[in-house]
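First comes the structure, then the notes that go with it.
The values are calculated or read from the model by the stated rules, or taken from the named source; none is laboratory data. Just so it is clear, the model here is predicted, and its values are computed rather than measured. Cβ placement follows ideal geometry from the backbone for every residue including glycine, while neighbour counts extend to all protein chains displayed.
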């Protein structure tokens with residue numbers, strides 16, 4: 001299990017540092033429905049990571065059980081995921097705002113004032129499990145856990161640790177909001193502004209590093 005946790009730590013940190021979900025939850029915490037929508041978003045985020053990760057583990061576990069050991073196709077999957085992340089890194093780098101430019105943020109952020117708890121939870125699921133960057137990272141992490149060949153229970157614990165670390169970024173603003181109340185506003189506003197202006201750079205670096213790691217792991221696995 002220690003091997004699985006260690007090998008997925010970088011994936012978890014990359015998921016946890018995703019700027020767009022952090023900005024989204026900070027915006028929700030500035031609305032009248034903050035006390036319901038913030039936790040609902042976090043619940044959706046965790047559910048998305050858990051569902052996608054579990055599906056990959058079950059698929060990988062079924063293949064491994066049939067072959068008696070770690071499946072070679074996981075190495076091909078890692079190569080494909082690594083290439084996808086390198087492409088995303090290039091796209092994010094090219095799309096980053098230049099000096100003096102305002103960052104372009106998703107259109108849904110302009111309507112967070114009207115979100116219900118259900119919509120906030122649905123958005124959390126979408127950003128954690130359907131968003132292309134997170135989809136690649138979660139699949140890569142779950143495939144890495146499966147390839148260690150650990151027992152099912154230990155794989156589940158490793159996935160739970162991955163989810164916990166991957167939820168720190170979205171969970172921390174909510175914790176600050178409930179712990180500090182109005183005093184958290186300045187800190188959260190500064191965090192939102194910094195994340196918005198550096199989103200492209202952060203994601204380009206993350207995708208580049210994790211993509212290179214996946215390709216290296218895929219090659220060394222053969």
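From the list 36, 18, which one is under 17 Å from the mean Cα position of the chain (by Cα) and either at pLDDT 90 or above or closer than 17 Å to residue 140 by Cα (or both)?
18 is the lone residue from the list that is under 17 Å from the mean Cα position of the chain (by Cα) and either at pLDDT 90 or above or closer than 17 Å to residue 140 by Cα (or both).
For residue 10, are the conditions met, namely being modelled with pLDDT under 90 and out of contact with any helix residue (DSSP H, G or I) (no Cβ under 9 Å at 6 or more places or on another chain)? Spell out how you get there, then give the answer.
Numbers: modelled with pLDDT under 90: yes; out of contact with any helix residue (DSSP H, G or I) (no Cβ under 9 Å at 6 or more places or on another chain): no.
In short, no.
Select, from 117, 142, the only residue that is farther than 26 Å from residue 217 by Cβ and modelled with pLDDT of 85 or more. First the steps, then the outcome.
Working: 142 fails: farther than 26 Å from residue 217 by Cβ.
Exactly one residue qualifies, and that residue is 117.
Identify the residue in region 44-100 that is surrounded by 15 or more Cβ atoms within 10 Å (Cβ to Cβ) and not in a helix (DSSP H, G or I) and, among all such residues, is modelled with the lowest pLDDT.
So, considering only residues that are surrounded by 15 or more Cβ atoms within 10 Å (Cβ to Cβ) and not in a helix (DSSP H, G or I), the one modelled with the lowest pLDDT is 70.
Can you tell me which residue is nearest to the chain's Cα centre (by Cα) among those in region 110-135 that are exposed (fewer than 15 other Cβ atoms within 10 Å of the Cβ) and either touching a residue at least 60 places away in the same chain (Cβ under 8 Å) or outside any helix (DSSP H, G or I) (or both)?
Filtering region 110-135 for residues exposed (fewer than 15 other Cβ atoms within 10 Å of the Cβ) gives 110-111, 113-114, 116, 118, 130, 132.
Narrowing further to those that are either touching a residue at least 60 places away in the same chain (Cβ under 8 Å) or outside any helix (DSSP H, G or I) (or both): 113, 116, 118, 130.
Working: 113: 24, 116: 23, 118: 20, 130: 10 Å.
Among residues in region 110-135 that are exposed (fewer than 15 other Cβ atoms within 10 Å of the Cβ) and either touching a residue at least 60 places away in the same chain (Cβ under 8 Å) or outside any helix (DSSP H, G or I) (or both), the one nearest to the chain's Cα centre (by Cα) is 130.
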